[in-house]
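First comes the structure, then the notes that go with it.
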Ligand code: B12
């Protein structure tokens, strides 16, 4: 039953139907589908669109329409997730999408999940100048800085963020996490990041470990 309802949301996203995606997401929640499972299902649908775009089977307007549908459906789920938010802050987490990159869906999901897990999350948004990550991290005395990059071109800015943290003298005080479709553990190691997470659930698990909350 729950997989059928998730499938309905996935189909709506894959068919670029925003209103249907919203309706199906609400229906799934009402039927008691786990909100995290629901978001994971949507993520899988979005990845399928990405693969089709890769193969030239769909084009940018399709990707845009699918991402609008996904964003709208995620917005239905978010209040439910936020209702489950833990009480006390377990750490300050500064997150953003790197300079030159406007992809936000994955970063937003990670930010929401971290917030539910009890992190005090500060979201810098997208296309964030490298230096802003460092300045803000210093100002907030952040425990973790998370940098999202979805393109092979912009992932280089994750390295630049690490360098900026070094320049302002806080690299040894703050942990750096990186994520995004092209990112790997190998890349994280190469640029001196402390951790890589493949998805939002892993991001939460690893972030908790980094602040000693698990
Ligand atoms: C949706 C999408 C868009 C939407 C973005 C809407 C939005 N508000 O975000 C729109 C249509 C605007 C868009 C634009 C472009 N896109 Co685009 N897009 C995608 C697509 C299909 C899906 C991305 C997505 O949302 N996935 C769903 C989310 C939930 O998954 P996710 O982002 O991977 O996030 C998860 C993990 O990675 C991780 N994570 C993510 N961030 C972080 C951060 C931290 C700290 C951690 C720990 C974990 C973590 O957790 C998340 C949740 O599980 C991808 C394909 C793909 N394979 O990724 C292409 C893709 C990223 N886009 C691509 C391109 C080329 C572009 C454009 C340049 C297209 C153009 N010609 O204009 C522009 C980019 C403009 C710019 N300067 O950024 C390419 C990049 C190729 C490359 N160079 O590497 C891709 C790979 C498509 C392709 N196969 O060619 N895009």
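Here, each number is a calculation from the coordinates, and none is a lab measurement. Being a predicted model, the structure only gives us computed values, none of them experimental. Heads up, the Cβs are rebuilt from the backbone with ideal geometry, glycines too, and the neighbour counts pull from every protein chain shown.
If you wrap the tightest convex hull around every Cα atom of the stretch 91-210 and split its volume per residue, you get 80 Å³. A helix-only calculation puts the chain at -18500 deg cm²/dmol for mean residue ellipticity at 222 nm, using -39500 (n - 2.57) for each DSSP H run of at least four residues, averaged over all residues.
Compared with the direct C-alpha span, the chain from residue 132 to residue 198 gains 21.3 nm at full extension, assuming 0.36 nm per residue. Length gained on full extension, residue 190 to residue 205: 3.2 nm, using 0.36 nm per residue less the C-alpha separation.
Nearest 10 degrees is fine. How inclined is helix 156-167 to the longest principal axis of the chain, computing both from alpha carbons? Taking Cα atoms only, the helix is inclined about 30 degrees. Taking Cα atoms, how many degrees apart are the long axis of helix 200-210 and the longest axis of the chain, rounded to 10 and kept between 0 and 90? Orientation of helix 200-210: about 30 degrees from the principal axis. Between helix 60-83 and the chain there is an angle of about 80 degrees, using the helix long axis and the longest principal axis of the Cα atoms. Modelled spin-label separation between residue 31 and residue 64, with each label point placed 7 Å from Cα along the Cα-to-Cβ direction: 3.3 nm. The slack in the chain from residue 40 to residue 80, taken as 0.36 nm per residue of separation less the alpha-carbon distance, amounts to 12.9 nm. The packing ranking, built from the mean of other Cβ atoms within 10 Å per residue, places the peptides 206-214, 121-129 in the order 121-129, 206-214, highest first.
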